[in-house]
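Engineer: Dumping the structure here so I can ask a few things about it.
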Amino acid sequence: MTVFDLQLKADLENVTDLLPVEDTESDTAYTWFIKFQCGSCHETTENLVAICRNEFSPISGSRGEANLVMSCKFCKRESSASISGPPQSYTKNGEFATVTQIECRGIDPVAFEPRGEWKAKGAESNSRFTFSLDENEWYDYDDDAGETVSVSNIEAQFVRGRQQK
């Protein structure tokens with residue numbers, strides 16, 4: 001098993017604590033959209049694959065389960081991945097910082113798109129904002145602080161990490 005840190009880098013203008021929206025009351029977790037590369041034949045998935053830490057599938061020939069179990073389209077090898085807990089807030093404007101960890105067996109994550117609902121709070125006003133990052137950026141106005149707010153220039157990378165205890 002290899003653990004990967006999903007790290008984001010973004011320009012945050014007058015906002016902080018960028019975080020995917022999760023509903024703790026209904027136990028609904030954020031769905032991550034990732035491209036994976038097979039560890040055997042090195043083919044990359046054509047499309048993004050959805051993986052959610054609250055959804056489980058059984059692993060063939062095992063008593064275990066994972067958030068994602070898939071077979072390579074080319075070599076047919078079965079692989080799995082699991083999200084290691086809730087996401088962490090992104091606060092490091094313009095620097096890479098880990099937002100979640102993914103435990104992978106037989107596949108490596110290679111690309112991420114920040115789809116769906118995200119949230120942030122005003123840096124000065126603590127106003128709460130919920131927005132979509134489907135266009136890979138967001139712009140608004142913080143009425144309480146009287147200034148523009150935005151999230152832009154989003155980049156993602158995966159680095160080999162250490163499993164959290």
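The values are calculated or read from the model by the stated rules, or taken from the named source; none is laboratory data. Keep in mind that what you see is a predicted model, and the values were worked out from it rather than measured. Every residue, glycine among them, receives a Cβ derived from its backbone with ideal geometry; neighbour counts consider all protein chains shown. Only protein heavy atoms, including side chains, enter the accessible area calculation; ligands, DNA and RNA are left aside. Shrake-Rupley method; radii C 1.70, N 1.55, O 1.52, S 1.80 Å.
Engineer: Let me spell it out: the conditions are (1) touching a Phe, Trp or Tyr at 6+ places or on another chain (Cβ under 8 Å); (2) at positive phi, and PHE4 meets all of them except one. Which number is the exception?
Structural biologist: Against the list (1) touching a Phe, Trp or Tyr at 6+ places or on another chain (Cβ under 8 Å); (2) at positive phi, PHE4 comes up short only on (2).
Engineer: If you go through the range 66-84, how many residues are free of Cβ contacts under 8 Å to residues at least 24 places away in the same chain, touching a Ser or Thr at 6+ places or on another chain (Cβ under 6 Å) and more than 12 Å from CYS104 (Cβ to Cβ)?
Structural biologist: So the answer is 0.
Engineer: Another one. So which residues in the range 1-54 are at pLDDT below 95, of a type outside the set (Ser, Thr, Tyr) and out of contact with any strand residue (DSSP E or B) (no Cβ under 6 Å at 6 or more places or on another chain), if there are any at all?
Structural biologist: Result: GLU22, ASP23, GLU25, ASP27, ASN54.
Engineer: What's the number of the only condition in (1) without any contact (Cβ under 8 Å) to a residue 40 or more places away in the chain; (2) farther than 27 Å from SER60 by Cβ; (3) in a strand (DSSP E or B) that SER125 fails to meet?
Structural biologist: (3)
Engineer: A further question follows. For the range 112-160, name all the residues that are surrounded by 13 or more Cβ atoms within 10 Å (Cβ to Cβ), more than 22 Å from the chain's Cα centre (by Cα) and acidic (Asp, Glu).
Structural biologist: GLU124, ASP140, ASP142, GLU147 - these are the residues of the range 112-160 that are surrounded by 13 or more Cβ atoms within 10 Å (Cβ to Cβ), more than 22 Å from the chain's Cα centre (by Cα) and acidic (Asp, Glu).
Engineer: Looking only at the range 55-108, filter to residues that are open to solvent by less than 40 Å² (accessible area, probe 1.4 Å), within 27 Å of LEU18 (Cβ to Cβ) and in a loop (DSSP other than H, G, I, E, B); which one of those is modelled with the lowest pLDDT?
Structural biologist: Checking each candidate, the answer is GLY85.
Engineer: Keeping to the range 16-40, report how many residues are open to solvent by 10 Å² or more (accessible area, probe 1.4 Å), of a type outside the set (Lys, Arg), part of a strand (DSSP E or B) and in contact (Cβ under 8 Å) with a residue 12 or more places away in the chain.
Structural biologist: Qualifying residue count, the range 16-40: 7.
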